[in-house]
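Written below as C-alpha cells is the structure these notes are about.
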Amino acid sequence: MTVGRAQRTYATNAEDSSSSRPPNERPPWIEVLEEVSNGPWLTNTTSDEKVRLAIAHGLVYQLLLYLSRPIESAAGADEQSVADAHAQYLSAFAVASVPPTSEMARARIATAKLVKAVLNQYDSIPPTSPLRADAENKKIFEAFQALKDMGDAHLTNNEGAVEDWKEFWGHSQPVVVALVEALGERGFVLSQEGEE
C-alpha cells in the first residue's frame with residue numbers, strides 16, 4: 001500500500017562521496033538525527049490520517065537507523081564483535097550517565113523530540129476515526145497509547161531533555177519497536193516516488 005509519495009532531491013557530487021571523505025571522518029549520524037528531530041515541520045499534520053501514521057513510522061524508523069548505525073570500534077571485526085559492540089552501545093544508551101553535550105546525550109534529546117513528534121501524529125487522529133475502529137489496527141493504537149502514557153509522564157521538557165531517561169527509555173524502547181513493526185505490517189510506511 002502506498003500511503004504517500006515523496007520526491008526527494010539530493011545534492012550529489014560527480015565523484016563517489018565515500019571516496020572524497022577522509023578515511024578517519026565518520027558519517028554525520030548524530031547530525032542527521034538532530035536535523036530530523038529539530039525539523040520545523042514536526043508539529044504539522046496532513047489531512048490524510050493514513051499519511052500521519054506513515055509519518056510516525058518514518059520518524060521512528062529514523063531513530064532506529066541511528067541506533068543501528070555502524071559502530072566505529074567494531075569496524076573490521078567479526079560478526080560477534082559487531083553484535084557485542086551494538087549491544088554495549090544500546091545498553092549504554094539506555095542507562096549510562098553521560099555529559100549533557102556528549103553525542104549520546106544529544107541522541108537522547110533527539111529521541112525524545114522524535115517520540116513527541118510521533119505522539120503529535122497519533123494525537124491528531126480523532127477517537128472517532130475509522131482507522132482507530134479498524135480491528136486490524138488494534139496493535140498500532142495500543143502501542144501508540146502505551147507510548148503516549150510514557151510521554152505524558154516523562155516528556156515534559158520542550159527542549160527534549162528527559163530527567164529520568166533510564167525509566168523513560170527502559171519502558172519506551174520496546175514500545176517504539178512494537179509500534180514501528182505494527183505500522184510496517186499494516187503498510188503505513190512512506191515510499192519514495194516511483195516505489196509501490
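At a glance:
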item	result
Ranked by how many other beta carbons lie within 10 Å on average, peptides 81-89, 156-164, 181-189 from highest	181-189, 81-89, 156-164
Amide proton proximity set for residue 191, modelled H, under 5 Å, gap of 5+	3, 4, 6
Centroid-to-centroid separation of region 74-134 and region 138-160 [C-alpha atoms, Å]	13 Å
Percentage relative contact order, region 37-146, counting C-alpha pairs under 8 Å, at least six apart	41 percent
Cα-based reach from residue 166 at 23 Å (exclusive), listing lysines while leaving out same-chain residues under 8 positions away	113, 116, 148
Amide N of region 130-149 lying under 18 Å from the label point, which is placed 7 angstrom from the Cα of residue 185 along Cα→Cβ	131-147
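Here, each number is a calculation from the coordinates, and none is a lab measurement. Quick caveat, the model's predicted, so the values are computed rather than measured. All Cβ positions, glycine included, derive from the backbone under ideal geometry; neighbour counts span all protein chains shown.
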